[in-house]
Structures are given as structure tokens and as C-alpha cells.
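**Q** The following block contains the structure, expressed as C-alpha cells.
Here, each number is a calculation from the coordinates, and none is a lab measurement. Not measured: the values here are computed from a predicted model. Here the Cβ is made from the backbone with ideal geometry for all residues, glycine too, and neighbour counts use every protein chain on show.
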Amino acid sequence: MKFKNFAAKVWQSIKNLFKPSRYQAAVPSLISIGFGIVFGILTMFVIWLLAVLGVFKTNNMPEFFYGVGVLLAGAFNEGMDSIADMLFAAAPLILAGLSVGFAFKTGLFNIGAPGQIVIGGLTAITIGLKVSLPAPWHWMLALLCGVLAAGIWGLIIGALKALLNVHEVVASIMMNYISIYTAFLIIKGNGMVNTQTSQTLQLPASALLPHGEVALFAYYDMNIGIIIAILAVIVMYIILHKTTLGYQLKAVGFNKEASKYAGMNTKRNIMVSMAISGMLAGLAGAILIMVSGKYFQLTKEAMMAEIMSVGFDGISVALLGLSQPIGALFAGLFLAYIRQGGYYLNLANYMAEMADVITAVIIYFSALSTALYAIVKNRKIKLEALKKLRISRRKEKTQDGGENV
Amino acid sequence: MKKALLAFALALISVFTLVACSGGNYEIAMITDSGGIDDKSFNQGTWEGIVEYATENGKTYKYYKPREVSDTAYLRAIKLAVRGGAKIVITPGYLFETAIYEAQTLYPEVKFVLIDGEPHTADYATYKTEANTMNILFDEHEVGFYAGYAAVYGGLTNLGFFGGMAVPAVQRFGIGYIAGAYYAADDLGVTITFPAEHYEYLGSFAPTPEAKTKAATWYSGGVQVIFAAAGGAGSSAMAAAVEATGSKYVIGVDKDQSGDSTSVITSALKGVGEAAISALEDFYGNTWEGGRTISLGSVEGGVALPADFSRFGANAAEVKAAYEAIFAEVVAGNIVVPTNDRASLGAFLTNLGVSNQALVDKAEPAPAA
Amino acid sequence: MDYIIEMLNISKIFGTLRANDDITFQLKKGEVHALVGENGAGKSTLMSILFGLYQPDAGEIRYKGEVVKIHNPNDANRLKIGMVHQHFKLVDVFTVTENIILGMEETKNGFLTLENSRNRILELREQYKLFVDPDAYIKDITVGMQQRVEILKMLYRDADILIFDEPTAVLTPQEIDELMHTIKNFKKEGKSIVIITHKLAEVMAVADRCTVLRKGKGIGTVEVKDVTVDTLAEMMVGRKVSFEIDKKPANIKDEIFRAENISVFNNEKNKHEVHDVSFQVKSGEIVGIAGIEGNGQTELVNVITGLKNMTSGKLFFHQKEITKNSIRQKLELGIGHIPEDRHKHGLVLDFNLAENLILQSYYLPKFQKRGFLKKNEIYQYANQLISRFDIRSGAGSASITRSMSGGNQQKAIIAREISRNPELMIAVQPTRGLDIGAIEYIHNKIIEERDNGKGVLLISLELDEILNLSDRILVMFEGEIVAELDPKKTSFQEIGLYMSGSKKGVIAHEV
Ligand SMILES: Nc1ncnc2c1ncn2[C@@H]1O[C@H](COP(=O)(O)OP(=O)(O)OP(=O)(O)O)[C@@H](O)[C@H]1O
Ligand SMILES: [Mg+2]
């Protein structure tokens, strides 16, 4: 009898999973993805046309059809190899998206994720190089410390906001710069630089994320990063939807005044939220760097391009994933997929940056469509005044009934 | 509706898999490092050499951009190049050392040319250069020496130096420059000003406002010429030189940068393009001789100053003659330019009766404990 | 027939809920037509359909006898239909003029030219005696003025058919009088007007005809002159409603709460919002605070509940000082608060109903175990409250509160606060936007609390409510308590004098 109940429950939740309404929220994201890809392909076509007409001078002629093929084939271009590559690249993206998305959900814009990633990576490197421990303990400790340090980094931003009323975006941007130079200071000051290359030293094998020898995990860089990311997604899902902590954080995010009225400690919640967000970003940073052959390059530009960019990508991932943990998972995978396709564009004589064009368009559209979506859902839109002026007609339609006092 | 979509998707996929059999066949491949082929410096020089050789000889060629900066990403880019039909892969820069170490055994039928580095494991424990790999290093200290010598000989006695990062190749430029400047001062019997605070590793190869401000401050403090061995950051120094009052100069690096700014008085040429060409000539002329490291210095024609000295103004002919003379001396082995260690620079200066220990220390900082 | 608008057999379904079920609504040219019905009956939905915000699932709309489709508010504007929403749709940081012309700006060479528009607004203002400063910012003007801006906005668009959705719920009695006057003016001009309201007195005062909805269905349309308030009420609720509140004599015991010398100084405005206010609430009594909006009532309540800091003063609860207690501590001690602004404080609109019903108690063992929410208990609890307080919504406890009708949102808050069983209930405008049935129910609940030995602090702008419920009345004027009155011995007029400051400074200890 008990089993029967249980089975029925499981069946129900499986059925729920396939209810179309559950995915309605994803529709705008999917539409934007469609737009982005179409736009990317059009751009490729125009480039091809201009090259054929001789307007562009190129060393090698772009191959349009082949290009579109490899772009869309994404992570399936080289079988398991490229699938493994995609999963590998997706892990930090998912975590960064989770970090930003979680903060979004609780009403905060954690643009400080890039800095927290640097701090997470920096701490992992420091533990990796300065502590010697046998294998599982070493990387676990490095990972853990990375997470904690970045959590504190996030907490600082939260505390500045909660206690001193410094807007988190301002604090975040400052902390991002501070993080780079802190990293340089600590790395240079503690002899962790490879003077031959001006990068950080190679981490010992014990401090690298384990590979595994089975299936996908035997390929190239592939490591347990993606598993950690998926676990983090599950944990965040549970926190947000099943716990009192998530309940409070969401309440503060949705309506700070009402949460205050209900006796919640909004200040503490802001700090907790930023700390958790920082921890997720730190996890992304540690996972990013605890890989053989991956280093911090000691220039600001390289840090921005190679490490912090993951944090900025996190904003895109969160946006595309509608700030939901599950959304971040799919959006992160998607971003890695399309980047992978972009990488193979090398073969078709297109620039790999084509993938970035596509993602940029997707982000624009999804930013727009979340706004549109919000409108449909009778959400209060906080567009700035000028925008309101322009879309006033649409606005009138949007802020409609259902919420009359 | 759903079925129609599915059918459409399937049709698309099949079309793409059909056309996807293309992909070309490019024999000569270059992997760019983070800079890209238009970095006005290292990547660009190499690429121009490749283009020149390939168009003259009707070879197919192509460059590949790695996914990110990491050993594995470089290795994967090499794999992609091989998939694109590469028979010879040219990689500019020491960042490729670890990737080439692995690639040379992974793809024994492909030839590798590693410029500015030697293959080794990530922990530097094992160095190995297989028969299909050739490493090309340059004697940057020699051309740095010429640059310093020419500058002082041309009457510029207050000097400064911008290095991108304190990596060996850049240090060699700087140390040679110091040596050359003091050597010329000794020759001419003049005193030069080159304090340690006017010798700087910027920590970046990218043009930044900070670098420009620094250059501007130096110039207004009396510095007449800055040797900018700093890739793109050189353009910051050039901008500052143009804006500064009085005649202020920059010495370019890697390729002839006189076209980039009127302030570029001369450039410390590093024949990366020529090196690429000669490697390609070996390969296609069946005279490939791998498994070794060649060092291109003055003798081999790997480093030099450009032939045009007109920016030295009235002194042009004089400076040119002096440069040619000193070049011959170095080729003949009469002058041994110190390389990238402080000991040899220190000894060199002591020989000239100069003591500027602070500058020597700055040029090759002692490794942190 | 001279119907200007006919909505025939309109149905609108949200999920499984029939918000409008085969409703026919006809508006004559030049009439004032009241639309009444219980909370959630579908009034707002019906009018939103007419204004093009929703599309009907069945039925048709005719304009002067011709079938029309109204896809969006622009179509409605074209048919000269205008609507004042209950919740105003104004941009805070814009001026009155900018708000009014929003969407139909005049430009010259790509630049906004406000001059003509501003003159037009000034004309309209004179014509209809709707006084607002065209250059004031919305954030700086009172709710009543904001409503005038909304009305001007309709007039600016030349609307002939004017829809008012519960316009009087947020107005002070004076403002209500003015509005009624304006509506009569409109009628004189030949405009056709629909007014949604819960106050039947208003129906009797201005309306020619009245349509009654109940649970999504049209019950009927009547000529107002043929009916009485009681018949209307019966049509709405489906049973007799008593307007008399039968109240047992108060059984007042010990003091529950005491405020001593509360002051709140506003540095920006450089004046006291609350000045030296002291009073007490005893077990078994309802203390009513009367006053014109903006005389410090809001600030006083926020100080007591902890939402705002006071400049000086002390609070006592059962003789223990609670001045420095946190909001949660006060809640736990047993202070309940029905807030003035249900959207700002009362609800997390993006949470569902069940989640909103545990807003202050989610962390109690009843709803939580080791940090995990007990979903089953939470939904069970919600369902209990829903049936006890008759909260109606589309999807029951899982309804997103934002989609609930205004009255039902209010009921949810009251349900939550009453069921927390507080010692002291601070009720601010507790029946704002509720239908007569619900008001009756809530009033009875409040009296029940009192009879159970609880203390109630009632703040209301409606004198009726204050007079009917209170055992003691305090009048606030300019942040001070200017009178303490016995409801049995005072009158509308007397309270009015105190409220307007005419009888300031005389504290009549008549209790
Ligand atoms: N957008 C929506 N989605 C789902 N349900 C809705 C929506 N809008 C309204 N409803 C439901 O339709 C019903 C009718 O709502 P409506 O707002 O028309 O009521 P009302 O008569 O205006 O009530 P009140 O007097 O409380 O304002 C309510 O039960 C409400 O929950
Ligand atoms: Mg309504």
C-alpha cells in the first residue's frame, strides 16, 4: 500500500515534469536562442557574400554551408572528444550562472561574480601550491577554501550594502578590481610565478580535479567539474524551493518591505545571499583553475579575458536561464555548445567569435523578452523613465488589472 | 505541426552533414596565442612570413585560434589544425612549449616549428625535442644592444625601458639595451642617464592609459627615448612621445614599427617572419632537420636594426656607420653581449667602469623566495 | 435602443476559473452605470475586457450597435473609452503633464513640445474643476490628486465612455464628495460612465442604473431609483446583509499596550510627523484613530510595529518595555498588523497564496523541520484559512497572489493576521476594497477579537467604520492626538471639526 502511494507520487511528479505549463517560462529564452542563431547565420552569409564579391579581402575563402554545419553541430563535431570539451567548458559557466541567478532571485545583482571567481581560483592555487597533502584531500581542501574565500568576498559586498547602504553594483565593480590586484600581490609575493612565462606555476597533480578513466571522463581536460556543477544545481534548487532559507531570501528579493514587515532580517538575508552567491562563483573559479595546463596570467587583460569573463558570462547564463538553477544548467550547456560550434568555425575560415555574436544577440533578445514576458505576466516593470515614454503604449496594456486594490 | 518541425530539423541535419564533408586542406598552419594575427608584433610577424612564403610558392595556409589560453586548449587547436590538413604547424611563443611537447609525439607525421621556446613538460622536469620539431630562439640581447648603442650614438643620453613582462626574451632585450647604451657612452666618452626607476616591466603587453601616463611622466622628467619591448603597450609610449614637448622617441620592437608612429626612431627587429620562412623552406625543400633548437642571432641574420636611419636626422649617416661597425664586431665575436642574467650584465658594466647596480637588479629581478 | 456599449454574453476563463460567465452588460449613452458585486465577482475582469486588456473567450462587444473587436487599450482609446484603474498607472518621476500626455506626445523636430499639451491640460482642469499642478511630480502629490491626474488623462484623450474601477476606496470622505460631483458633471456633458464600487451609498448617490455580478455571473440590471440599498445588497451576496453592527458592551480589563510620548521628526521636511503621542489599548477594547490622511497615522503605526524608527518615546506591551524590540520579537509577543498598503507591506505578490499565509510564521516548527519547509502542512493550513475566510481565487492555495482580485488579497492578509491570534491587533483600513459581505464578516471578526479579551487599534479614514466599531476614539491632527472621544456621545460633525484642526488643542476627556 505504501509502495503504491509512493509509486503514484513518483508517477505524478514525472507527469508534472512533462506538463507544458512548466516550460512556458522557457519559451522566451528559446525564442531568443532561435533569433540569435538565425542572426548569426545571416551574418555569416553576409560575410561570405562580401568575400565572394571581393569586398573583403581574405586569405582563405569562408565556406558558408560548411560553417553553418559545424556551428550548429556544436559539441557533436568530433564525437566524444567535443562532447567532453563542451561539458568541461560548461561546468564553470553553469556555476557562474547559478551564482548570478541566485542573487537575482533574491533581488541582488551580483556583478561581482568575476572577482569572486578570481578569488576562488586564487585560493585554490595558493592551497594547491603551498600546502602538500595526498590526492583526494588536497584538491578537496583547495576547492573548499576557494569556495569559502569567495564566499567571504561576496559577503563583503553584501555587508557593504546591508550595513552601509552601498549599492551592490558599485561595490561589486570595485571588488572586481581589488580581486585582480590582490591576486597579483599574493601570487607574486609568495613565489607562485613561473618566471619563464609570467603565469602561475603548475599545480601538483594532487591538487587537480580528478579525471576518472571511464566514459566521457577519459577525454582530454574532462574532469568531475560538470558533476560538481550539477550537484550545485540540485542543491541550489532545493535551497530555493524547499527550505526556509530560500523562502526568506526569495521573499526579500521579491518584496523587501513586506519581508521587513513580516519580521525577517533583511540585512542578514542580503549578506547571506551575497555570501552564497560568492561561494558559487568561487566554486566556478576553483574548478576553472584546478586543471592541468590552466594558469592565471599575470596581466590585467589576460585575467579579464580568461578568468573574469566567465563571471560576466554568468550574467548571460542567468538571464537566459531565467535565474532558475535548472535554467542555469541548460543555459550553461547551451553556451558551451554554441561556443564549441564557434570554435570549429576555425575550420570553415570564419572567426570563432561568431559564437560570441550569436550569444550577444541571444542575450539582447532574452533581456528584451524577459521584459516582454514580465509584461505578459503583469509584472511591475522597472524600466527607466525614458524607456517608458517610448513604449508607453505597450505599457498601458501591460500593467493591467488583476491587481486592483 | 510537431511532426513537420521534426521533419524539417531532420532535413536540415542531413543537409549539413552532407555539406559538412568540406573543411579544406591547409598544409601550413599557425596557431595564434592570445594576441591574434593582428597584434602588431609577434603573431603578426610570424603570420606575415607564412603568408609571404605560401603565396610565393602556392601553398595552402591557415591560422587557428584556440578556445582559451591553456595548455590543453593549445593542444586541441593543434589537433584541429591537423584535422584541417596541416603538415607543418608553426606556433609563436613560449606559451606553446607544453602543448608542443605532447603534440610532437601525438602527431609524428606532422612537423612543428616552435618560435621562442623549447618543448617541455608542464613542471619543466623533462625537455624533449623530437625529430619532427624545430625550436627557434632569438638573440634578443644582441639587437637590444644595437638599439641602446644607436640611441646613445645618435645623441639620446637620457634613456628608459618598457618591458611587457619579466620573461626571459624580454629581459634579454632590456639587458642588451643597457649594455649597448653604456658601451656607446664609453665609446663616445659621454655620460648617460639611465636610473633604475626608468626601467620597468609593465606586467602587460596591452596598451593601457597607465602605461601612457608613465611614459609621459618619464618624458617630461627628461627621458629622451624609451625602448618599448612590450608588444601593443609600445603604442602607449608612442602616443605619449608624440604628445610630449620636445623631440621624444620610442624604439620599436619585433618588427619595423616606424610606420606606427613618427616617434619611432628605430626598431629592434626580430626576424620571426624570416624564421618561419626559413623553416618552411627547409620543410618543402626536403632539408628539414628537426630535433634541435636553433638560435638566430646577428650572425644568422635573425636580429638587426632596420636599414633606414633617417629619423636620426643630421646624425643619420654617422649612426648608421657606427651601427654597422658594432654589428660586425658582434658577428666577429669581439663583443660578447650579456644575455638575460644579472651576473653577466654586471660584469659587462664593471668592465666599462660603470656601476649602476640598481638598474642591473631591476633588469633581472631576483626570484622571490 | 441608444446603447453606446453592449457587452453580450461575455465569458472569460482563467485556468479553471470562470471569472466572467456569460455576462451581458449594456451601457446607455449619458448614463452613470454602477457595477457591483462581491470580491472576485469579475467586475475588474469585465471592464478590463472592455478596455482591451483581456480578450473574451466568448461573447461580443458592440459599439453603437456595431460589433467591434478591442484588441488593446489603443483600440479602446479610438472608441473613446477611458479607464481609471484602481491601482494608478502613473510614472513617479514624471510630472503631471508628462504623465498625461504619455503615449501621445507632440514633438517638433524630434523634441518634445509640452507647451500645447500643458495649455490643453489647464483648460481641462478649469472646465472640470480638477485641480492639480501640471508641473508637480507624481511622487510629490497625494493619492487623491493622482486620481485626478488619471481622470485628466482620460479626458485628454477625449474619452466619452469613462470607466472607474473602485475609485473611492483610496479617497478621503471629502475627496469622495468631490469625485461624485465631478462624475455628475461628466454626465451633464453627455459622457457615459461606469463606476465599480463596493459602497452602495455611492451607487444610490450617483448611478442611474446598476448591474450586479455574483461569482462571475450577471444577476441583473436594475434602475437605481426602483431599489434600496438592502435589495442591492441581497442581490450581490445572495442573502440578507445587516448593516447594523451588534456589539455587546465592552468588557475592558488590563492594559495590553501603551505608547508614551512618541515623536517622529522628519529631517527632510523639518517637522514632526508624530508629536508627543501617548495612549493605551486595554484588553477587550477597540481604540479607533480617526484623522484625515497624512496626519501622522501611518507613521505612528509604523513606529509601533517597528517599520520605522522613532525620534523619542517608549512602547510597553503588558507593562514590559518593547521600544527596542525587533519586528520579529514584537510579532512573537503577539502584535498583529493589517497594513495600510497591501501591496507594499502586506503581500509578496509573486508568492502564491499559501506562501503568503505563512509570511511571519514560516520558521515555526509547525511549518518547518530542520530548515526544510513542510509543504503538506503549509498547504493544509492555507486551505483551512481559505475556507474559513472565504478567500476566492483561480487556483486555490497555489494562486499567485498578484492574479487575485483586490478584495481577496485583503481577505488573505486579514485571515493571516487574525489566525495568528495576536493580543494586540493593529488594523489599518482593514476593509479597504472589500465587498459588503466581507466587511460584515471582518467587522464581526474584529469585535470577536475584542470580546475574546484582545486589544484592537483601528486606524481608518472612514468615520462610519470608526464610529461603529470603536469603544474609544482618538483624533489625530498634524501628528498630535487632539481629542479623545466616546463614540456614543460624539457625532460625525464633532469628529470632523477635530480632524480638520478647527477644534485643536482641546482634549475632551469624555470617556
Ligand atoms: N490574470 C489573472 N489570472 C488568473 N486569475 C485571475 C486573473 N485576473 C483575475 N483573476 C481571477 O478572476 C476572478 C475575478 O477577478 P476580478 O479582479 O475581476 O474581481 P473583482 O470583481 O474585481 O473583485 P474585487 O472587488 O475584489 O476587486 C478572481 O477570482 C481572480 O482571482
Ligand atoms: Mg476588482
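**Q** How do C:ARG388, B:ARG342, C:ARG148, C:ARG239 line up, fewest other C-beta atoms within 10 Å first?
**A** In increasing order of surrounding Cβ atoms, one gets C:ARG239, C:ARG388, B:ARG342, C:ARG148.
**Q** Another one. Within segment A:45-71, whose backbone N sits under 15 Å from a point 7 Å along Cα→Cβ of B:ARG83?
**A** A:66-71
**Q** Of the options C:PRO422, C:SER500, C:GLY37, report the single residue whose Cα projects farthest towards the positive end of the charge dipole of chain C (beta-carbon charges: Lys, Arg +1; Asp, Glu -1).
**A** C:PRO422
**Q** Please report C:VAL264, A:VAL100 as a ranked list, fewest other C-beta atoms within 10 angstrom at the top and most at the bottom.
**A** Final ranking by Cβ density, sparse to dense: C:VAL264, A:VAL100.
**Q** In peptide B:60-72, how many Cβ atoms from other protein chains are near each Cβ within 10 Å, on average?
**A** Mean shielding count: 6.
**Q** Note down, for segment A:16-154, the three equivalent ellipsoid semi-axes (square root of 5 times each alpha carbon gyration tensor eigenvalue), biggest first, whole angstrom.
**A** Listed largest to smallest, the semi-axes of segment A:16-154 are 38, 24, 17 Å.
**Q** OK, next. Given the peptides C:128-138, B:136-146, A:244-254, A:47-57, arrange them by the average over their residues of other C-beta atoms within 10 Å, most packed first.
**A** Ranking the peptides C:128-138, B:136-146, A:244-254, A:47-57 by packing returns B:136-146, A:244-254, C:128-138, A:47-57.
**Q** Report the gain in length on full extension from C:LYS253 to C:ASP486: 0.36 nm times residue separation, minus Cα-Cα distance, nm rounded to one decimal.
**A** This chain segment gains 82.1 nm when fully extended.
**Q** State whether chain C is rounded, prolate or oblate according to the following rule on the C-alpha gyration tensor (a ≥ b ≥ c being the square roots of its eigenvalues): a/c under 1.5 gives rounded; otherwise a/b larger than b/c gives prolate, and the remaining case gives oblate.
**A** Prolate, because a/c is 1.5 or more and a/b exceeds b/c.
**Q** Could you calculate the FRET efficiency of A:VAL38 with A:PHE109 from 1/(1 + (r/R0)^6), where r is the beta carbon distance between them and R0 is 35 Å, rounded to 0.05?
**A** After rounding, the FRET efficiency stands at 0.75.
**Q** For helix C:436-451, report the angle its Cα long axis makes with the longest principal axis of the Cα atoms of chain C; keep it between 0 and 90° and round to the nearest 10°.
**A** The angle comes out at about 0 degrees.
**Q** Suppose every K and R has +1 on its Cβ and every D and E has -1 on its Cβ; what is the size of the dipole of segment C:139-273 about the Cα centre, in Debye to the nearest 20?
**A** Its charge dipole is roughly 340 debye.
**Q** Under 19 Å from a label point 7 Å along Cα→Cβ of A:ILE186: give me every residue in segment A:265-290 with its amide N that close.
**A** Counting backbone N atoms under 19 Å from the label point, the list is A:275-290.
**Q** Find how much the distance from C:ASP158 to C:ASP246 grows on full extension, using 0.36 nm per residue of separation minus their present alpha carbon separation; answer in nm with one decimal.
**A** Computed gain between C:ASP158 and C:ASP246 is 26.9 nm.
**Q** Within segment A:80-335, what is the number of lysine pairs with alpha carbons under 24 Å apart, leaving out pairs fewer than eight places apart on the same chain?
**A** 22
**Q** Is chain B rounded, prolate or oblate when judged by the Cα gyration tensor, a ≥ b ≥ c being the square roots of its eigenvalues, rounded requiring a/c under 1.5 and prolate requiring a/b larger than b/c?
**A** prolate
**Q** Among A:TYR237, C:ALA19, A:ALA51, flag the residue with its Cα farthest along the positive direction of the charge dipole of the protein assembly as shown, charges on Cβ as +1 for Lys/Arg and -1 for Asp/Glu.
**A** Going by the charge dipole, the pick is C:ALA19.
**Q** Is there a pair in C:LYS89/C:LYS139; B:LYS62/B:LYS111; C:LYS253/C:LYS324; B:LYS212/B:LYS248 whose C-alpha atoms are over 19 Å apart, and which pairs would that be?
**A** Cα-Cα > 19 Å for C:LYS253/C:LYS324; rest within.
**Q** With the crude spin-label approximation of a point 7 Å out along Cα→Cβ, what separation in nm comes out for B:VAL331 versus C:ASN383?
**A** 9.8 nm
**Q** A follow-up question, please. How much FRET efficiency would the formula 1/(1 + (r/R0)^6) give for C:GLN127 and C:GLN329, where r is the Cβ-Cβ distance and R0 is 45 Å, rounded to 0.05?
**A** Given R0 = 45 Å and the Cβ-Cβ separation, E is 0.25.
**Q** Oh, and also: Top mean-square fluctuation among B:GLY252, B:GLY291, B:GLY49, Gaussian network model of chain B, C-alpha springs under 10 Å?
**A** Comparing B:GLY252, B:GLY291, B:GLY49 in a Gaussian network model of chain B, the most mobile one is B:GLY291.
**Q** Turning to a different aspect of this structure: Pull out the extension gain between C:LYS271 and C:ASP208, defined as 0.36 nm times the separation in residues minus the alpha carbon to alpha carbon distance; nm, one decimal.
**A** 18.0 nm
**Q** 7 Å from Cα along Cα→Cβ at both A:PHE45 and C:LYS320: what's the point-to-point distance in nm?
**A** It works out to 7.5 nm between the two label points.
**Q** Of the listed peptides C:352-358, C:183-189, C:197-203, what is their order by residue-averaged count of other C-beta atoms within 10 Å, with the highest listed first?
**A** Packing proxy ranking, top to bottom: C:352-358, C:197-203, C:183-189.
**Q** Let me ask you something else. Would you order B:ILE28, C:ILE176 from fewest to most other beta-carbon atoms within 10 Å of each residue's own beta-carbon?
**A** Result, fewest neighbours first: C:ILE176, B:ILE28.
**Q** So how strong a dipole does the protein assembly as shown carry about its Cα centre when Lys and Arg Cβ are +1 and Asp and Glu Cβ are -1, to the nearest 20 debye?
**A** 5080 debye
**Q** Let me ask you something else. Please give the Cα centre distance for segment B:63-77 versus segment B:157-214, rounded to the nearest Å.
**A** Their Cα centres are 32 Å away from one another.
**Q** I've got another one for you. Based on the Cβ-Cβ distance from A:MET140 to C:ASN376, what FRET efficiency comes out when R0 is 35 Å, to the nearest 0.05?
**A** After rounding, the FRET efficiency stands at 0.40.
**Q** Explain nothing, just the number: dipole magnitude of segment A:80-335 about its Cα centre with +1 on each Lys and Arg Cβ and -1 on each Asp and Glu Cβ, in debye rounded to the nearest 20.
**A** Once rounded to the nearest 20, the dipole reads 920 debye.
**Q** Could I ask something else about it? With the dipole of the protein assembly as shown worked out from charges on the C-beta (+1 for Lys and Arg, -1 for Asp and Glu) around the Cα centre, which of B:THR217, B:VAL89, C:PHE51 lies farthest toward the positive end?
**A** C:PHE51
**Q** Can you tell me which aspartates and glutamates have their Cα less than 12 Å from the Cα of C:LYS64? Leave out same-chain residues fewer than eight positions away.
**A** Filter leaves C:ASP2, C:GLU6.
**Q** Between their Cα atoms, which of C:LYS80/C:LYS184; B:LYS87/B:LYS128; A:LYS9/C:LYS411; C:LYS199/C:LYS454; C:LYS308/C:LYS366 are more than 25 Å away from each other?
**A** From the list (C:LYS80/C:LYS184; B:LYS87/B:LYS128; A:LYS9/C:LYS411; C:LYS199/C:LYS454; C:LYS308/C:LYS366), the Cα-Cα distance tops 25 Å for A:LYS9/C:LYS411; C:LYS199/C:LYS454; C:LYS308/C:LYS366.
**Q** OK, next. What is the distance in Å between the Cα centroid of segment C:53-132 and that of segment C:260-322?
**A** One Cα centre to the other: 41 Å.
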